[in-house]
Ligand code: NAD
Ligand code: WQD
């Protein structure tokens, strides 16, 4: 089976390519490299000992996408391509609606035209807004607190509508919790542009000496130690969830919405402590005010993923931190090399 992986050069996409290839799938990557480096694909090629077909293009371009379908008989699409910076989405909402929502609509249109009607979509736990209770089940109320989150909600609805219009569509909506970690080789990983928004890359860059001090956003939440609690999930476990979804998707007779999380929450201070243990480095931090829009606690109930995908996360917090550190310490400047 040949799988089109949009956004395949990015953080989660690059890790998923490895597992797809190891599971016997053929892959074609489609990426405009707006938030990725071609080096990530080169490194994946080394890890899997084969070359990977990459088509550079934008999901908003019908012509770019048609080029893929003219060249390849695509059986299914794993759709990672999208913008993901929450703060930027507040400042530039139209950019997010155009890229994430319009981009997905164009992708689906071209897929349908070419009779490819299977899509696995990267949704996010952000669609639960500020949940009344945890752990979070898939049928919890949905809401969004920023344009990024709204773009994910809108795409979920668009994909459900598509199925209603044509039952031949196979749709899987995977709601990721907080992806962290890196491939155990330490050669691919998360490579944020500029100052990281997310906790794990900020911790890793502080440990390696690229950042002076980590700001812990709030220590007065109603949590174990007052800092925010999240469900961190190893990116390789997350990648495996996509392979399991693909293996089973033909049998899914209606759109499937599935949490991909571990079911375990850790606080910011617990993450710092685990990272220090894994890296042997100090992570200097200071308590700062709460970050606007943050919630106290967010973690998944992953029972449904186990039931319908036969999937559960296997890697714990020690491995997440050790693998993030291996990537960060081997590649202090990410894919840009030792500048
Ligand atoms: P990423 O930025 O590393 O990867 C996204 C990829 O998509 C990049 O390679 C980028 O160049 C590409 N891309 C963006 N817009 C494109 C366009 N218009 N045309 C073609 N390519 C385009 O992000 P990631 O962390 O790998 O996330 C992958 C997906 O998972 C995203 O849709 C993201 O919203 C979603 N997600 C991520 C997280 C997270 O915390 N990393 C959590 C939940 C959901
Ligand atoms: C985790 C915890 C922060 C940075 C975001 C998006 C979400 C999803 C994943 C895509 C929180 C605290 C963070 C720092 C800190 N992405 N923190 N200092 O906010 O749970 O989720 O990424 O879908 O949509 O909103 O992740 O890693 O930013 O924060 O104290 O420098 O770490 O307050 O408690 P978040 P995060």
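The values are calculated or read from the model by the stated rules, or taken from the named source; none is laboratory data. Bear in mind that the values here come from a model prediction, so they are computed numbers and not experimental data. Cβ sites come from the backbone with ideal geometry, for glycine too, and all protein chains shown count toward neighbours.
Among the residues of the stretch 23-38, how many are under 21 Å from residue 179 (Cα atoms) and surrounded by fewer than 24 Cβ atoms within 10 Å (Cβ to Cβ)?
The number of residues fulfilling the criteria is 5.
Just for the stretch 167-189: of the residues that are under 23 Å from residue 318 (Cα atoms), assigned to a loop (DSSP other than H, G, I, E, B) and in contact with a strand residue (DSSP E or B) (Cβ under 8 Å, 6 or more places away or on another chain), which one is nearest to ligand 1 (Cβ to nearest atom)?
177
What are the pairs, 6+ residues apart or on separate chains, where a residue within the stretch 1-25 that is more than 18 Å from residue 39 (Cβ to Cβ) and touching a residue at least 24 places away in the same chain (Cβ under 8 Å) has its Cβ under 7 Å from a residue that is in a loop (DSSP other than H, G, I, E, B) and within 16 Å of ligand 2 (Cβ to nearest atom)?
Sorted first by the residue in the stretch 1-25, then by its partner, the pairs are 6/80; 6/81.
It is to be established whether one or more residues within the stretch 20-36 are part of a helix (DSSP H, G or I), modelled with pLDDT of 95 or more and farther than 24 Å from residue 175 by Cα. Give the derivation first.
Our first condition is that a residue be part of a helix (DSSP H, G or I); within the stretch 20-36, this holds for 20-22.
Okay, now just the ones that are also modelled with pLDDT of 95 or more, so 20-22.
So of that shortlist, the ones also farther than 24 Å from residue 175 by Cα come out as none.
Taking every residue of the stretch 20-36 in turn, none turns out to be part of a helix (DSSP H, G or I), modelled with pLDDT of 95 or more and farther than 24 Å from residue 175 by Cα.
Filtering the stretch 251-265 down to residues that are within 15 Å of ligand 1 (Cβ to nearest atom) and in a strand (DSSP E or B), which residue is farthest from residue 199 (Cα to Cα)?
257
Determine which member of the set 106, 86, 54, 101 is free of Cβ contacts under 8 Å to residues at least 60 places away in the same chain, within 13 Å of ligand 1 (Cβ to nearest atom), buried (at least 18 other Cβ atoms within 10 Å of the Cβ) and over 14 Å from residue 7 (Cα atoms).
One residue alone meets the criteria, 101.
Answer yes or no: is there a residue in the stretch 216-232 that is in a helix (DSSP H, G or I) and more than 9 Å from ligand 2 (Cβ to nearest atom).
Within the stretch 216-232 (the criterion being in a helix (DSSP H, G or I) and more than 9 Å from ligand 2 (Cβ to nearest atom)), the answer is no, since none of the residues qualifies.
Being within 22 Å of residue 178 (Cβ to Cβ) and not in a helix (DSSP H, G or I) is the filter here; which residues of the stretch 69-93 pass it?
Selection gives 78, 79, 80, 81, 82, 83, 84, 85.
Keeping to the stretch 7-52, report how many residues are more than 16 Å from ligand 2 (Cβ to nearest atom), under 16 Å from the mean Cα position of the chain (by Cα) and under 13 Å from residue 242 (Cα atoms).
Counting residues in the stretch 7-52 that are more than 16 Å from ligand 2 (Cβ to nearest atom), under 16 Å from the mean Cα position of the chain (by Cα) and under 13 Å from residue 242 (Cα atoms) gives 6.
Checking residue 150 against (1) more than 23 Å from residue 33 (Cβ to Cβ); (2) in contact with a strand residue (DSSP E or B) (Cβ under 8 Å, 6 or more places away or on another chain); (3) within 16 Å of ligand 1 (Cβ to nearest atom), only one condition comes out false. Which one?
(2)
Kindly establish whether residue 323 is over 26 Å from residue 131 (Cβ atoms) and either buried (at least 20 other Cβ atoms within 10 Å of the Cβ) or modelled with pLDDT under 95 (or both).
yes
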